[in-house]
């Protein structure tokens, strides 16, 4: 592709690229808030939602992802909810 065609393509896709960049930034911030709350000890989804201000459904989605990659562990049930905690550093899988 020529330089002009690449510039045109970037210009046409700018809004999409900016939206994706903003979403990634938002996700990193949410994951950071969840991890920070878990540093204080195990918590349930409602406790994390309350501590972070993130809706419970989103907290659950992030926890499922963090669990899949070994960043959090699912503990015992506390009432109707599992208590999640951070995984030891050596367990993280990338």
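The values are calculated or read from the model by the stated rules, or taken from the named source; none is laboratory data. Just so we're clear, the structure is a prediction, and the values are computed from it rather than from any experiment. Note: ideal-geometry Cβ built from the backbone for every residue, glycine included; neighbour counts use all protein chains shown.
Out of 25, 35, 29, I need the residue that is at pLDDT 95 or above and touching a strand residue (DSSP E or B) at 6+ places or on another chain (Cβ under 9 Å). Which one? The match here is 35. Evaluate the following for residue 89: is it without any contact (Cβ under 8 Å) to a residue 12 or more places away in the chain and exposed (fewer than 13 other Cβ atoms within 10 Å of the Cβ)? Criteria met by residue 89.
Here residue 4 does not fit the description of being in a helix (DSSP H, G or I), within 13 Å of the chain's Cα centre (by Cα), loosely packed, with under 12 Cβ neighbours inside 10 Å and at negative phi. For region 18-74, a residue qualifies if it is in a helix (DSSP H, G or I), touching a helix residue (DSSP H, G or I) at 6+ places or on another chain (Cβ under 6 Å) and within 12 Å of residue 85 (Cβ to Cβ), and the qualifying residues are 34, 37, 48.
When 9, 66 are checked against the criterion of being surrounded by 10 or more Cβ atoms within 10 Å (Cβ to Cβ), touching a strand residue (DSSP E or B) at 6+ places or on another chain (Cβ under 8 Å) and free of Cβ contacts under 8 Å to residues at least 40 places away in the same chain, a single residue qualifies: 66.
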